Amino acid sequence: MNKKITKLALPKSGIANFIIAGDWHSYHCHLPTVKAMGIVADQWEKNNRTLIINGDFLDAEYLMPKHESFQSNIKRPNSIEEYFLPELERECAWGNDMLDQLATKFSKIIFIEGNHCARVRWFGESKHCPIVYKKEFNLVHQLNLRKRKIDFIHYNNWLDIGQLSITHGMAHGSSACKNHYELSGGRNVIFSHVHKFEAKSFRTRGKTRRVQSLPCVSTLAPSYTRNTDNDWSQGFGTVHMKPNGHYNFFLFETWDNQIILPNGQLHDL
């Protein structure tokens, strides 16, 4: 069932710890940033570490209709067997290997589908994909998410934890924070999608709400950007949730392939 809002239970006592990390883009993944997540998570008890993969874990460039490889291959009679499915399985082999590594660090993983990940589902639902292959174009199947006990949340849906709503990202540009605030119904929001950190505060009936975007887990100049300049950074966020639904957010960025912990310790990555 495709639920618009998935609610996660609050801790009954103590503090629940989360790392939120989006925009991995598979082969473009910045491995030092992944290592930094593990260093941060090691500060917490193993049974109190949840990773929220906040979209675009895969890139799926080959399933983008405007891409030249899509246009040249979709016209071939055996394109599914000879190109699209092998490319998907190759990329999902990367994904399964990464999930195996992440499972050694985190007691729970939640997978939010991003717009790049959703290309897999969209292709499987399209006229281009014969019925016999539709079940293959499914990330829950390809990444063994049920077997791994990883919750899957569809693109443009929400994960609510207490006073916080998390989504991959439905808007970009100068008004992205405002748009996500409005789309959430006036809640605190953390989103990815834009590959950079920004924050904006709003006032609702005497209460402060804040919308924040996250840096990315990918490299800063992947091939699909065609060497254009950008204002991205690499990193992730942590959320520490109290039983009453209030929380603290901390940002980690991996400048110079290093990370500095709040206690001042410098770690080379």
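Annotation: extensible slack from ASN263 through HIS67 equals 66.0 nm (criterion: 0.36 nm per residue apart, minus Cα-Cα distance). Separation of the alpha carbons by more than 25 angstrom is noted, of LYS35/LYS149; LYS105/LYS242; LYS12/LYS147; LYS7/LYS147; LYS66/LYS108; LYS149/LYS196, for LYS12/LYS147; LYS66/LYS108; LYS149/LYS196.
Rolling a 1.4 angstrom probe over the protein heavy atoms, how many square angstrom per residue are accessible across the chain? Please report the intermediate quantities before stating the final value.
Numbers: 13460 Å² over 269 residues.
For the chain, the per-residue accessible area is 50 Å².
Taking R0 as 45 Å, what FRET efficiency do you get between HIS246 and LYS75 from their Cβ-Cβ distance, rounded to the nearest 0.05? Each step should come with its number before you reach the end.
Numbers: r = 55 Å, r/R0 = 1.22.
The formula returns an efficiency of 0.25 here.
In deg cm²/dmol and to the nearest 500, what is the mean residue ellipticity at 222 nm of the chain if only DSSP H runs of at least 4 residues count, each as -39500 (n - 2.57), divided by the residue total?
Values: 7 runs with 60 residues, N = 269.
Taking each H run of at least 4 residues, the total per residue is -6000 deg cm²/dmol.
Qualifying trypsin sites (Lys or Arg not before Pro) in segment 176-269, where qualification requires a DSSP coil assignment and no more than 10 other C-beta atoms within 10 Å, comprise ARG205, ARG226.
What's the extension gain from ILE5 to SER174 if we count 0.36 nm per residue and subtract their Cα-Cα distance? Write down the numbers at each step before the final one.
Details: separation 169, 0.36 × 169 = 60.84 nm, distance 2.57 nm.
Extra length available between ILE5 and SER174 comes to 58.3 nm.
In the chain, the DSSP beta bridges split such that about 50 percent are antiparallel, to the nearest 5. Stretching the chain fully between LYS12 and HIS141 yields a gain of 43.1 nm (0.36 nm per residue, less the alpha carbon separation). In this simple spin-label approximation, LYS46 and SER107 carry label points 7 Å from Cα along the Cα→Cβ vector, and these lie 1.1 nm apart. Against the chain, whose longest principal axis is taken from its Cα atoms, helix 31-41 shows a tilt of about 40°. The angle between the Cα long axis of helix 85-103 and the longest principal axis of the Cα atoms of the chain comes to about 20 degrees, rounded to the nearest 10.
Qualifying chymotrypsin sites (Phe, Trp or Tyr not before Pro) in segment 108-189, where qualification requires a DSSP coil assignment and no more than 13 other C-beta atoms within 10 Å, are lacking entirely. Label-to-label distance for THR204 and LEU31 is 4.2 nm, based on points extended 7 Å past Cα in the beta-carbon direction. Basic side chains Lys and Arg get +1 at the Cβ, acidic Asp and Glu get -1 at the Cβ, and with that the dipole of segment 118-232 about its Cα centre reaches some 380 debye.
The values are calculated or read from the model by the stated rules, or taken from the named source; none is laboratory data. This one's a predicted model, so the numbers in the text were calculated from it and none came from an experiment. Here the Cβ is made from the backbone with ideal geometry for all residues, glycine too, and neighbour counts use every protein chain on show. Accessible surface is based on the protein model in full, side chains and every heavy atom, while ligands, DNA and RNA are left aside. Shrake-Rupley method; radii C 1.70, N 1.55, O 1.52, S 1.80 Å.
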